[in-house]
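Rule-based calculations on the coordinates, nothing more; no lab input. Fair warning: this is a prediction, and the values are worked out from it, not measured in the lab. Here the Cβ is made from the backbone with ideal geometry for all residues, glycine too, and neighbour counts use every protein chain on show.
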2 protein chains.
Amino acid sequence: MSEILVVGSLAYDSIQTPAGKVSRALGGSANYFSLAASLFSKVRVVGVVGEDYEQKDFDLLRSREVDISGMTTQKGKTFHWEGEYKGDMNEAITLKTELNVFETFNPVLPTHYKDSSFVFLANISPDLQVKVLEQVQAPKFVGMDTMNFWISSKLADLKKVLSKVDVVLINEGEAMMLTGAANGIEASRKVVEMGPSAVVIKRGEYGFVMYTKAEGFFILPAYPIEKVTDPTGAGDTFAGGFFGYLASLNRKPNVADLKEACVKGTILASFTIQDFGVKALSKTTTKDLEIRLNEYKKVFAHY
Amino acid sequence: MSEILVVGSLAYDSIQTPAGKVSRALGGSANYFSLAASLFSKVRVVGVVGEDYEQKDFDLLRSREVDISGMTTQKGKTFHWEGEYKGDMNEAITLKTELNVFETFNPVLPTHYKDSSFVFLANISPDLQVKVLEQVQAPKFVGMDTMNFWISSKLADLKKVLSKVDVVLINEGEAMMLTGAANGIEASRKVVEMGPSAVVIKRGEYGFVMYTKAEGFFILPAYPIEKVTDPTGAGDTFAGGFFGYLASLNRKPNVADLKEACVKGTILASFTIQDFGVKALSKTTTKDLEIRLNEYKKVFAHY
């Protein structure tokens with residue numbers, strides 16, 4: 001098993017959806033990613049929290065054998081996001097973003113992190129993504145996410161990161177924005193032209209599109225969930241399942257590996273959305289995953 | 001092979017999309033349906049056109065061995081729809097609807113249509129759908145489509161039709177509107193509670209969800225098309241491929257048949273959207289279908 005380095009946000013989220021609301025629930029891309037990936041592999045987190053970060057939230061990652069020695073506590077408050085989902089819950093409306101300690105985040109890797117072979121650069125500023133990647137000695141497989149904010153404000157930096165990674169995991173709308181494509185199919189090919197050998201376009205309730213230079217499209221629907229409670233973190237959960245599975249194979253991933261990784265990611269994401277924040281995901285076991293994986297395969301089996 | 005009776009609109013459409021525009025191009029649910037279904041089975045059309053309906057448009061259906069003796073020509077003009085698609089082309093903006101001869105349409109079946117065993121009630125007024133169905137002596141398998149206009153204006157009539165059909169093919173947004181569900185997954189189960197033993201929810205570029213009482217979900221993505229020219233008629237093409245395939249089997253469809261029918265429908269729809277109106281569909285051959293079917297299966301094959 002290879003070890004995965006992840007850099008991303010550690011946050012408290014206040015979320016309202018048609019199913020209810022929560023205030024200051026544990027969130028952030030690095031938390032969702034780590035909880036998902038740790039079902040398969042050892043994870044090392046780089047991130048920053050404020051003095052209000054609760055002991056139980058450190059303990060949650062520790063209980064999953066996540067290495068949190070790269071998490072630093074700074075004077076001030078933890079990153080806080082407030083958002084709302086309406087109607088079909090396909091898109092969050094951001095009500096408030098309080099960066100707090102995240103504003104001056106300067107990722108420095110503990111020495112023992114530097115030999116990480118799998119690296120995931122979650123959705124943070126592209127210059128910080130580069131900064132992290134430069135500290136890793138010989139990464140074997142690197143992935144990244146990004147968002148509309150960086151596409152519009154730091155496109156040059158973003159393109160630099162894109163040229164250095166193996167795979168991009170990105171929302172469909174953001175992939176269209178990044179490439180100027182009219183749909184996710186066109187966007188996926190255009191992302192790959194920017195450097196990475198594979199892209200996974202996350203389509204929310206519609207599943208995903210993977211496009212690889214080597215074999216073209218791999219497209220599947222999401223696992224059908226009738227009652228969605230909170231979609232927050234679904235994409236980061238997908239990335240965590242995807243990377244966690246790949247790292248567990250302990251080899252340079254081939255296309256078949258990437259396909260299975262997508263399936264693991266989409267199934268794990270289907271757990272996340274069934275409760276607020278990390279609540280459902282933190283209880284999900286490999287046994288739960290296996291059961292749902294079998295159900296999932298029936299959903300599109302037809303011969 | 002069983003014969004399929006279809007009732008629906010025969011129209012001229014003026015359509016604008018980011019790819020260009022056409023004026024008074026042949027359209028209407030019954031035309032798309034018939035062109036698709038006639039690749040597999042014999043089709044009988046019931047509908048009405050105006051005096052402006054062109055000979056070549058009658059000839060197009062005749063060239064596919066479609067029985068058009070149930071198409072009547074009335075004094076006045078053919079139904080005309082004007083619409084526009086913007087951006088991601090997921091939804092048409094209706095600019096003009098001129099019902100013309102369609103306004104007083106009173107479907108009367110030619111005597112030799114009455115023994116039809118497969119019946120498709122395309123998107124027309126629910127009371128007309130009932131009227132057609134009542135004239136068929138012993139239908140073996142009946143399907144229907146509907147739209148937001150009938151859901152909001154004729155819900156009681158619509159529920160009556162729903163209780164009489166085997167399968168509903170419907171857009172995701174309209175299925176949500178009909179059932180009050182928050183997503184297509186929840187909607188599909190609720191449609192089946194209204195009577196039919198199966199529902200196929202059409203998700204446009206994201207493919208479809210079928211839900212059957214007997215076996216639950218069958219979900220697949222659409223065939224990936226990078227350049228969409230005009231999505232008009234994709235849903236009716238899907239229905240035509242679906243019904244055409246089922247009728248060709250000449251038996252009461254089982255769930256495996258319905259699954260394969262969905263695949264045929266989604267592939268045929270992928271041709272329709274590659275050109276304006278019926279242009280691409282009317283040139284599509286069973287050989288084209290077969291080739292794309294093989295490519296399609298590779299898109300989601302992973303073991």
Report the per residue volume, in Å³, of the convex hull enclosing the C-alpha atoms of the stretch A:28-87. 95 Å³
If neighbour count is taken as other Cβ atoms inside 10 Å, put B:Ser197, A:Ser41, A:Ser34, B:Ser69 in order from fewest to most. B:Ser69, B:Ser197, A:Ser41, A:Ser34
Any chance you could list P(r) for the stretch B:169-299, counting all Cα-Cα pairs in 5 angstrom bins from zero, rounded to whole %? 2, 11, 21, 23, 20, 13, 8, 2, 0
Neighbouring Cβ atoms within 10 Å as the yardstick, rank A:Leu220, A:Leu121 fewest first. A:Leu220, A:Leu121
C-alpha center-to-center spacing [the stretch B:175-230, the stretch B:256-303] in angstrom: 17 Å
From fewest to most C-beta neighbours within 10 Å, the residues A:Ile267, B:Ile225 line up as B:Ile225, A:Ile267
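Filter the trypsin sites (Lys or Arg not before Pro) in the stretch B:1-103 to those in DSSP coil with at most 12 other Cβ atoms within 10 Å of their Cβ, and list the result.
B:Lys75, B:Lys86
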Quotient of C-alpha Rg and 2.2 N^0.38 Å, computed over the stretch A:43-187: 1.14
Closest approach to the A/B rotation axis among chain A Cβ atoms, residue and whole-Å value: A:Tyr206, 2
Out of every Cα-Cα pair in the stretch B:127-179, what percent are more than 19 Å apart? 23 percent
Loop only by DSSP, 14 or fewer other Cβ within 10 Å of the Cβ. Give me the trypsin sites (Lys or Arg not before Pro) in the stretch A:130-163 that pass, ordered by residue number. none
Along each of its three principal axes, how wide is the spread of alpha-carbon positions in chain B, in whole angstrom units, largest first? 57, 43, 37
Restricting the calculation to Cα positions, tell me the Rg (one decimal) and the Dmax (whole number) of the stretch A:233-298 in Å. 11.7, 35
Under 5 Å from the placed amide H of A:Val48, counting only residues 5+ away or on other chains, we find A:Leu10, A:Thr72
Expressed in angstrom and ordered largest first, the alpha-carbon extents of the protein assembly as shown along the principal axes are 85, 41, 41
Of B:Gln135, B:Val49, B:Leu258, farthest towards positive along the dipole that unit charges on Lys, Arg, Asp, Glu beta carbons give the stretch B:3-300: B:Leu258
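Only helices at least 20 Å long along their axis, Cα-based, and averaging 0.5 or more on Kyte-Doolittle count here, so list those DSSP H runs from chain B.
The qualifying helices are B:234-249, B:255-272.
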Peptide-level mean, for A:201-210, of C-beta atoms on other protein chains within 10 Å: 3
Within 10 Å of each Cβ of A:187-195, how many other protein chain Cβ atoms are there on average? 1
What gaps in nm, shortest first, separate A:Gln137 from its twins in the other copies when you place the label 7 Å past Cα toward the beta carbon? 8.5
Would you please calculate the Kirkwood hydrodynamic radius of the stretch A:141-226 over all C-alpha pairs and express it in Å, rounded to one decimal? 12.8 Å
Which listed pairs, of A:Lys227/B:Lys202; B:Lys77/B:Lys114; A:Lys259/A:Lys287; A:Lys114/A:Lys283; A:Lys114/A:Lys202; A:Lys202/B:Lys287, have C-alpha distances above 24 Å, in listed order: B:Lys77/B:Lys114; A:Lys114/A:Lys283; A:Lys114/A:Lys202; A:Lys202/B:Lys287
Ordered by number, the GluC sites (Glu not before Pro) in the stretch B:178-251 that occupy a DSSP loop and have at most 16 other Cβ atoms within 10 Å are B:Glu215, B:Glu226
Gyration tensor verdict on the stretch B:73-121 (Cα atoms; rounded if a/c is under 1.5, prolate if a/b is larger than b/c, oblate otherwise): oblate
Under a 10 Å cutoff between Cα atoms, tell me which one of A:Phe271, A:Phe243, A:Phe218 has the largest fluctuation in the Gaussian network model of chain A. A:Phe218
Got the A:Lys154 label distances to the other copies yet, label 7 Å along Cα→Cβ, in nm, shortest first? 5.7
